[in-house]
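Quick notes on the structure that follows.
The values are calculated or read from the model by the stated rules, or taken from the named source; none is laboratory data. In this text, all values refer to a predicted model and were calculated from it rather than measured experimentally. Counting neighbours? That spans all protein chains shown, and the Cβs are built from the backbone with ideal geometry, glycine included. Note: areas computed on protein heavy atoms with side chains; ligands, DNA, RNA excluded. Shrake-Rupley method; radii C 1.70, N 1.55, O 1.52, S 1.80 Å.
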Amino acid sequence: MKAMIQKDLRENLKLALIGLLIFSLLLLQAYQTCISTLTNMLTGNSSGQIGALQPLLATGLLTGTAFFCAIFGTALGWLQTRNEAHRDLWAFLIHRPVTRTEIFWGKTIAGLCLYAFGAGLPLAVLVAVVRTPGYVAAPFEWAMVVPPALIFFTGIAYYFAGLLTGLRQARWYASRCFGLGLAIATSFGVVASTVFWIPTVLIAVAVLILAAAAWGAYQSGGFYRGQPVAGRLALTVALTAGCGVALFASVGLLVNLVLGPLTHHPYVWSYYQMTRDGTIYKETNRDGNTEYADLDGHPLLDPKTGQKMEPKEFSKRIAYGRGVLSTLKYRNRDQYQYSIQNASGFFSLWNITDKTLWYLDRHGKLLGYDGQTRKFIGSLDPHGNDGKLASEPFLQRADSNYYNAYGDVPQKIIATAKTVYQVDFKERTLKPVFTLTNDEIGGYDEEEASYEDNHAAKNFLITTRKTVCLMDYDGRPIFALPYKPGYFEYPQVEISFLQLTNSSMNNFAVWFLPDYLMNKAAGWKLPEHILWIAPAQTVTKSADLPVLRLDEESSWPDKLATALLPPPVHVEFDDKIYKSWNLLSYTLALVCSVIGWTLARRYNFSTTASIGWTLFIFLLGIAGLLTFMCVQEWPVREICTNCKKFRAVDRESCEHCEAPFSPPEKNGTEIFEPLAKV
Amino acid sequence: MNNESVIQTRNLTKYFGGKAAVYELNLDVPRGCVFAFLGRNGSGKTTTIRMLMGMVPPTRGTGTILGHDIRALTPEVRARIGYLTEEHQLYGWMNVKQCGEFQSKFFAKWNGRIFRGVAGHFGLKPEARVKDLSRGERAGLCLALTLAPEPELLMLDDPGLGLDPVARRGLVESMIFLTRKSDRTIFFSSHHLSDVERTADYIAVFDRSILRACCPLEKFQESVQQVRLRFPGTPPALPKIPGLLQAVRTENELRVTCVHYNGEAETALRALSPVEMESVPLGLEDAFISYLGERGEKTFILSEMEAQS
């Protein structure tokens with residue numbers, strides 16, 4: 001095996017070097033982007049995703065890494081087998097006194113080493129650079145390596161898919177590259193997952209299946225027949241994923257590019273808006289057209305023109321607002337929710353003052369980094385900036401994934417579970433504004449300040465377990481309300497700042513918005529609860545409005561697309577599938593399984609195999625039938641000279657009459673003589 | 001099973017799509033012989049060898065090589081078989097020495113002297129890269145790699161393919177004189193009948209996927225005979241001759257080539273009343289071409305050719 005490893009290392013080193021070079025350049029470019037983002041933010045010229053400050057979390061780097069690892073892994077695996085796919089070179093490789101398993105492992109070990117060299121080494125160097133002080137002005141922790149590491153390991157699935165593709169004895173337009181489907185599906189799973197263990201398990205399972213399928217292909221020279229059971233099973237699973245991906249892509253293209261333009265289905269979206277006088281209107285967007293109506297459904301007219309209200313005019317009347325999401329429900333959970341798409345799980349950029357970047361990390365620590373030296377300068381906590389890490393965790397605010405250099409209110413306050421502090425980043429001090437004794441802060445945010453006010457916010461909103469409170473920066477409550485309904489069902493509270501008019505004596509409205517999932521579980525029966533508050537802190541009015549949801553009615557091409565989903569998906573996600581289309585799905589699955597059964601019987605599968613494949617096809621529908629047809633090798637059929645029925649040529653005798661195949665017809669020129677040992 | 005057979009097949013068949021590349025092949029190759037496998041291009045020789053070596057699965061039928069099922073050849077069995085493929089493919093980036101070192105690491109029995117000897121016979125320098133070798137040199141290197149493990153069965157798929165006559169002669173000489181031992185079997189396919197004539201004990205002839213002949217070389221040559229008949233004028237129409245391969249009619253001559261020429265055929269020919277009738281000895285090449293060439297009667301009589309045209 002050692003000789004095989006050495007041979008393959010030497011043979012494919014060039015490709016690994018090319019990969020190393022390309023990936024290094026890609027990572028270097030991502031690092032440069034990070035530095036230029038930092039520079040722009042320091043000069044106040046740029047807004048941007050906070051993740052861009054930490055290369056390991058930068059969307060561009062992760063996307064580039066995902067594409068590179070997929071392409072590099074596939075190319076490496078494919079070329080490793082394709083180079084030797086010429087039948088004579090393949091024979092030279094295979095015909096030696098070692099098992100094919102040893103040959104497979106020899107090549108695989110070499111391939112994985114080269115993959116680690118081409119893709120892993122640049123990543124390791126990047127990690128080393130990032131965690132070295134003076135290179136990146138953003139927090140680092142080892143968990144940040146997880147997203148790129150998972151992408152790297154996904155590339156191994158692509159590597160085995162490449163090996164399989166290079167070996168499979170199938171036509172290119174049919175199913176030769178369908179092994180890649182499982183790797184592609186794994187990539188989507190890794191990107192979409194929000195819990196760390198899911199992508200880990202996905203990658204492990206995909207690598208295991210594709211490695212077993214590639215190993216099986218080595219045993220039989222790429223044919224399905226002749227493989228061990230494990231290889232055949234793995235190949236079937238891999239091709240099922242491939243067929244699923246191919247079907248999904250085909251249907252998606254068909255629906256979006258062909259059927260979609262032929263059918264018009266309006267997109268309707270409604271929500272409530274409050275004007276400064278405290279009146280609620282329903283705003284409806286339909287195909288890009290916006291309409292306003294009062295709660296009785298009467299269209300809102302512009303008093304100046306008498307025509308329907310235009311969005312531009314209406315926007316002048318909307319009350320400024322601010323929302324707070326109570327995090328109490330999740331307080332005891334690990335704040336780090338794995339997601340490749342969201343860097344804010346690790347930290348948020350809190351403030352930039354005097355070339356110093358202040359981050360609030362997921363552990364609740366306010367960390368300072370010098371923007372010029374890119375070094376950690378210490379943390380800020382209630383006891384001052386002592387250069388040590390703070391002991392009392394600060395609470396995150398919602399929506400902290402994006403830093404807006406132009407529009408955001410300079411953040412003056414920060415809170416722990418018990419205390420709200422006013423922060424002076426210039427002096428690096430914290431001053432307690434408000435402290436709770438028998439309660440706990442759920443969420444907080446500052447007032448949306450208008451341009452007229454020169455971005456000078458005056459108030460902040462705070463929710464605790466028991467109360468909703470608007471305060472000024474000296475800690476004096478402007479109003480305080482009981483948090484009722486409670487934060488568990490209604491975690492989100494929004495405040496609208498109203499104007500006192502002759503007709504309205506309210507200066508605030510407070511919205512209690514229900515939790516989406518809980519409302520869904522309750523059958524959308526939890527209403528939006530609104531309170532109007534007068535200057536004397538008295539509630540003058542309340543209302544319960546039904547929750548407005550997106551119009552989920554889809555066009556018939558969308559329904560047709562869902563009908564192609566296999567029946568188990570319909571059972572599992574029954575509420576998302578259009579019931580009237582379920583029947584079509586089951587019918588399609590039934591038709592496919594009948595075709596599968598017929599094929600199985602025609603080609604003399606055993607009864608057990610026929611039933612097994614038929615069930616498989618019924619469960620997976622069209623994808624199952626495609627898999628069945630891709631996986632199996634279909635021998636030609638000839639007419640039996642004895643019973644005149646079609647018989648498969650791969651059987652020793654006719655399946656109908658048990659007659660053997662007729663010997664070659666004699667033409668009188670045969671020359672045969674028994675051969676004796678020389 | 002015949003214990004003396006190193007290769008045995010029963011109804012071995014291979015289909016590619018709807019076409020049978022090898023059909024119902026029954027073959028027994030005795031130990032210690034040089035066995036030539038002949039046939040036109042696409043007749044199924046390479047497919048048979050690849051099936052025997054476990055490189056492609058048969059569609060149906062069975063086969064054994066050195067007593068082992070061809071569908072499951074173990075590393076131990078492979079170590080006893082030397083296999084030379086027809087296009088002499090090797091890793092282009094390796095040099096001659098690296099090829100030898102690479103191959104030697106897999107074989108418990110590796111005779112470096114043989115490797116060096118055969119490589120030297122072909123004038124191969126150890127540092128020469130495979131991609132820079134001529135076709136003949138590459139064939140020589142492949143042969144050296146095949147022979148060095150001292151296999152007891154040599155499977156050579158058209159070893160002289162694409163080589164010039166000198167290189168081919170060198171290869172064949174090496175193959176025969178370096179490898180011939182009493183217990184070693186050589187199974188080779190070839191289009192070069194002069195090589196076959198010089199080396200083979202037995203031949204098998206494939207015709208369009210079907211084995212038509214399998215016998216000692218001499219038997220084949222004896223079985224295919226040509227008779228020349230002279231006539232005072234245009235030769236008469238040919239009656240039905242058993243085993244007829246070809247008949248060529250010229251202005252006053254008729255050449256008849258047939259298999260198993262016997263009394264019945266002789267009687268039928270004599271009934272044509274030729275003025276002269278003689279048997280013409282055929283070399284292997286002529287016999288082979290007649291055997292696998294176009295069957296039936298050909299006319300080279302000008303008047304008849306004009307009438308036909």
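Consider A:GLY77 carefully, then state whether it is out of contact with any strand residue (DSSP E or B) (no Cβ under 6 Å at 6 or more places or on another chain) and either free of Cβ contacts under 8 Å to residues at least 24 places away in the same chain or assigned to a helix (DSSP H, G or I) (or both). So A:GLY77 fits the description; yes.
I'm checking my understanding of the structure. Among residues of the range B:76-90 that are in contact with a helix residue (DSSP H, G or I) (Cβ under 8 Å, 6 or more places away or on another chain) and at the interface with chain A (Cβ under 7 Å from one of its Cβ atoms), which one is modelled with the highest pLDDT? Outline the logic, then answer.
In the first step, residues of the range B:76-90 are kept if they are in contact with a helix residue (DSSP H, G or I) (Cβ under 8 Å, 6 or more places away or on another chain); the result is B:82-90.
Okay, now just the ones that are also at the interface with chain A (Cβ under 7 Å from one of its Cβ atoms), so B:83, B:85-87, B:89-90.
Working: B:TYR83: 94, B:THR85: 91, B:GLU86: 86, B:GLU87: 85, B:GLN89: 88, B:LEU90: 91.
Among residues in the range B:76-90 that are in contact with a helix residue (DSSP H, G or I) (Cβ under 8 Å, 6 or more places away or on another chain) and at the interface with chain A (Cβ under 7 Å from one of its Cβ atoms), the one modelled with the highest pLDDT is B:TYR83.
Out of the residues in the range B:211-245 that are open to solvent by 50 Å² or more (accessible area, probe 1.4 Å), basic (Lys, Arg) and not in a loop (DSSP other than H, G, I, E, B), state the one that is farthest from the other protein chains (Cβ to nearest Cβ). Looking at residues that are open to solvent by 50 Å² or more (accessible area, probe 1.4 Å), basic (Lys, Arg) and not in a loop (DSSP other than H, G, I, E, B), I get B:ARG230. Being touching an Asp or Glu at 6+ places or on another chain (Cβ under 7 Å) and closer than 24 Å to A:ASN506 by Cβ holds for only one residue in A:GLU283, A:GLU313, and it is A:GLU313.
Within the range A:146-161, residues that are without any contact (Cβ under 8 Å) to a residue 40 or more places away in the chain reach partners that are open to solvent by 10 Å² or more (accessible area, probe 1.4 Å) and not charged (D, E, K, R) with beta carbons closer than 8 Å, at six or more positions or on different chains, in the pairs A:ALA149/A:LEU123.
Given the range B:74-150, what helices (runs of 4 or more DSSP H) lie entirely inside it while holding 3 or more residues that are closer than 28 Å to B:LYS45 by Cα?
Output list reads B:75-79, B:112-121, B:135-147.
Hey, any hits in the range B:299-309 for a residue that's within 20 Å of B:ARG40 (Cα to Cα) and either within 14 Å of chain A (Cβ to nearest Cβ) or open to solvent by 50 Å² or more (accessible area, probe 1.4 Å) (or both)? For the range B:299-309, residues within 20 Å of B:ARG40 (Cα to Cα) and either within 14 Å of chain A (Cβ to nearest Cβ) or open to solvent by 50 Å² or more (accessible area, probe 1.4 Å) (or both): absent.
In the range B:246-257, which residue that is open to solvent by 10 Å² or more (accessible area, probe 1.4 Å) and in a strand (DSSP E or B) is nearest to the other protein chains (Cβ to nearest Cβ)?
Going through the qualifying residues, I end up with B:GLN246.
Within the range B:55-70, identify whether any single residue is within 16 Å of the chain's Cα centre (by Cα) and open to solvent by 40 Å² or more (accessible area, probe 1.4 Å), and answer yes or no. Checked against the condition, which is being within 16 Å of the chain's Cα centre (by Cα) and open to solvent by 40 Å² or more (accessible area, probe 1.4 Å), the range B:55-70 yields no hits at all. In the range B:139-146, the count of residues that are surrounded by fewer than 19 Cβ atoms within 10 Å (Cβ to Cβ) and of a type outside the set (Lys, Arg) is zero. Taking residues in the range B:233-259 that are on the phi > 0 side of the Ramachandran plot, and partners anywhere that are open to solvent by less than 30 Å² (accessible area, probe 1.4 Å) and not in a loop (DSSP other than H, G, I, E, B), the pairs with Cβ atoms closer than 7 Å and at least 6 places apart or on different chains are B:GLY243/B:CYS258; B:GLY243/B:VAL259; B:GLY243/B:ALA265. Pairs linking a residue in the range B:55-74 that is touching a residue at least 24 places away in the same chain (Cβ under 8 Å) and within 9 Å of another protein chain (Cβ to nearest Cβ) to a residue that is acidic (Asp, Glu) and surrounded by fewer than 21 Cβ atoms within 10 Å (Cβ to Cβ), with Cβ atoms under 6 Å and 6 or more positions apart or on different chains, are B:THR59/A:ASP650; B:ARG60/A:ASP650; B:ARG60/A:GLU652.
So that you can scan it fast, the table gives a plain yes or no per residue for (1) among the acidic types (Asp, Glu); (2) within 14 Å of chain B (Cβ to nearest Cβ); (3) surrounded by fewer than 20 Cβ atoms within 10 Å (Cβ to Cβ):
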residue: A:THR194; (1), (2), (3): no, no, yes
residue: A:PRO199; (1), (2), (3): no, no, no
residue: A:ILE209; (1), (2), (3): no, no, no
residue: A:GLY222; (1), (2), (3): no, yes, no
residue: A:VAL245; (1), (2), (3): no, no, yes
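Of all residues in the range A:129-145, those that are open to solvent by 50 Å² or more (accessible area, probe 1.4 Å) and either in contact (Cβ under 8 Å) with a residue 40 or more places away in the chain or not polar (S, T, N, Q) (or both) total 5.
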